[in-house]
1. What is the magnitude of the charge dipole of region A:378-447 about its Cα centre, with +1 placed on the Cβ of each Lys and Arg, -1 on the Cβ of each Asp and Glu, and no other charges, expressed in debye to the nearest 20?
2. Using only the Cα atoms of region A:425-526, build the gyration tensor, take square roots of its eigenvalues as a ≥ b ≥ c, and label the shape rounded, prolate or oblate: rounded if a/c is under 1.5, else prolate if a/b is larger than b/c, else oblate.
3. Quick check on packing: order A:378-385, A:533-540, A:222-229 by the mean number of other C-beta atoms within 10 Å, highest mean leading.
4. Region A:466-505: which trypsin sites (Lys or Arg not before Pro) are DSSP loop and have at most 11 other beta-carbon atoms within 10 angstrom?
5. Tell me the angle of helix A:511-531 to the major Cα principal axis of chain A, expressed in degrees between 0 and 90 and rounded to the nearest ten.
6. Are there chymotrypsin sites (Phe, Trp or Tyr not before Pro) in region A:403-464 that DSSP marks as loop and that have at most 14 other Cβ atoms within 10 Å, and which are they?
7. Under the 0.36 nm per residue contour assumption, what length would be gained going from the current alpha-carbon distance of residue A:355 and residue A:96 to full extension?
8. From the residues A:45, A:500, A:24, which one has its Cα farthest along the dipole of chain A in the positive direction, the dipole being from +1 and -1 charges on Cβ of Lys/Arg and Asp/Glu about the Cα centre?
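Bear in mind that the values in this text are calculations on the coordinates, not laboratory data. Everything quoted here is computed from the prediction, not taken from an experiment. Cβ atoms come from the backbone with ideal geometry, glycine included; neighbour counts cover every protein chain shown.
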Amino acid sequence: MIRKALSELVRSTLRDLLESGDLPEHAARTPEIADTKQADHGHYATNVAMVEAKGFGTNPRELATKLAERLRAHDDVFARIDIAGPGFINFFLHPAYLAGFLPAMAELGEEGIARSHEESRRINVEFVSVNPNGPITIGSGRGAAYGSALCNVLEAVGNEVHREYYINDGVNSEQMRLFALSVQSFIQKIPFPEKGYRGDYVQEVAEQLRSDPEAVTANTDWYQAKSQALMIEAQRRALSEFGVEFDCWFSEQSLHDAGIVARDIETLKAQGVADTVPERIQLKLGKGGKVEEVNREAQAAVLDENDADGEGETLWLRSTRFGDDMDRVLRRRDGRLTYIASDVAYHKDKFNRPANSDQLITILGPDHHGYIGRLTSVVAALLLSEGKVQEQVSEAPFTDVDAQLYGDAVTRDRCQAAQRLAEEKLRVQIYQLVRFMKDGKPAPMRQRDGNIYALADLVREIGEKALTDGTPEERAALGRDVARFFYLMRSHDTTFDFDLDLAEKQSDENPVFYVQYAHARICSIIDRAKQEGFTPEFVHGQLMEPQEMALLMKVSDLSWEVQRCAQDFGIHRISTYVIELARSYHSFYDACRVIQPDSPELTRARLALCQLTGTALKAGLGLLGVSAPQRM
RNA sequence: GCCCCGGUAGCUCAGGGGAUAGAGCAGCAGCCUUCUAAGCUGUUAGUCGGAGGUUCGAAUCCUCUCCGGGGCGCCA
């Protein structure tokens, strides 16, 4: 809010200079108002003079001088304006001006304080979506935390967000078959399958099914349906306890059952983006993903038992036309449909949840990075076959590679336009690996004995160790808070170490408690003040201290951080922000005694600042899905 | 071979083309008869992997290169 006001002031001053003829016509960008790293650089600084000098046909110092001269006229705002270095303009604001933002910010409340702009897109966010053949692992925990926090942020700026979980329950799935056989072998006298699932959770599923009268004689189909349902339920519970809820759990198999997959791939075939010509196109890529060669390979030989051998024809999605590095099979020779075939139907359907979604966001783990090209191709093919791609003519020369890939320039331009549109409509976000460090050593997600380090175990362990004397509910809540915060502390785009030893520590080293403690302190002080007859109320001219100014400026930045986060999906910035906000508060708390019976006006004003900070902390933590406790 | 991510203080990591590159932890020195010390203040610490380039200005953008992690099936 404060940055915005200053930016607007600088912008209008520039306009004044233009209108009075002191500067030539030039369209300047929105001035950036930056933090300063040193106190003698003022409260804020702008580089606008350096950025725009060229456009105005002058040099930075001169432009800065002209701007500063005019800006100094606002002597209610600026105590001092300096020009420094190559052309920075440093703003020293009047405390009263800064403090004057407090009532407006307080009025915004918890929702408004996080929102500086309004978006109104309809967005479908799909995340977690692991196979229903095991618990949610600590690895998927990152996707769960990240996805749910991203949804919160997108929602906070006004979008309609639909949270979706895709259940990979296709009955043809090899993994699910293997999982079912593993469970079955624990109950019936059948051999344990080669490469079967061995973890304790498999036996737990078996134990739950044992009491079923059908279990002894049931076939593998029965086991597949039953054990899958139990696993999905366990996943749903674990995610819910982790603070992650979905609007929709979408079944892959439901698309097959309704014949939608078969129908949709036929549409692609009819539209010419899929065909049964018995060859696969594979691209040889050079540096920068540039296509160097187009290789047409004859239908590949059957490789192993997962390959199809049959009388029919293979149906190929010609995904190489949309940026994929090889064509993908939609239907095997034996008639079975592939996983990517479901993706065609699924993505078509997804655009309707919410109806006519403007954007799909899919959050995947690092092992699915190869999916980006594939999914983008699927969406591009869909958009093209539905006639949603506008005709475009490219100026680019028609190369040999283009000729081999597309045949003619018109087709090329249509396909490339479809790809660009698909990249806009579907944003695939990949989060990177997490390494869990326990006793200074990496703790594996999957162990040799088949056991899995489950998210639920992580949350429980942290809760138990960090809170030795709490109720089970309190421990669960604390474990969830700590785990979520740790997952979200670092950029999703970087691998990082999850320090379990630190997470389990109930001490000042743990940043979660540092932030929550600030909130608890605020609640406590407001309670105490109430007992002594003081209520928070902004009083003009009371807040003057540098710590008070720093705190106000920090509070004012929440909406700005949220805005940036909604643009680039960098959730970790919210975590960094709440830590910084807590720091500003603790620093203020130490320097400025709040409750002072001899100075009732100062007391009320500082209480108002405390309350405002509490609101911002709660809002920020809320976006992360972390609670803001009243007491600690 | 190609694709994605990373390389910044002893450790874990922030860093938006801008000023003398930051935080936490670890280390050192202080601060509770007063609103929650799960706190605060000060301080030590870096060839931003390397080389070119663009720019008035590069940790940030581009190219090349070295090192580490992950991915490249008619599996999901």
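1. Roughly 800 debye, rounded to the nearest 20.
2. Taking the square roots of the gyration eigenvalues as a ≥ b ≥ c, region A:425-526 is oblate.
3. So the peptides A:378-385, A:533-540, A:222-229, ranked by packing, come out A:378-385, A:222-229, A:533-540.
4. Answer in residue order: no site qualifies.
5. The two axes meet at around 50 degrees.
6. none
7. Full-extension gain reported as 88.4 nm.
8. A:45
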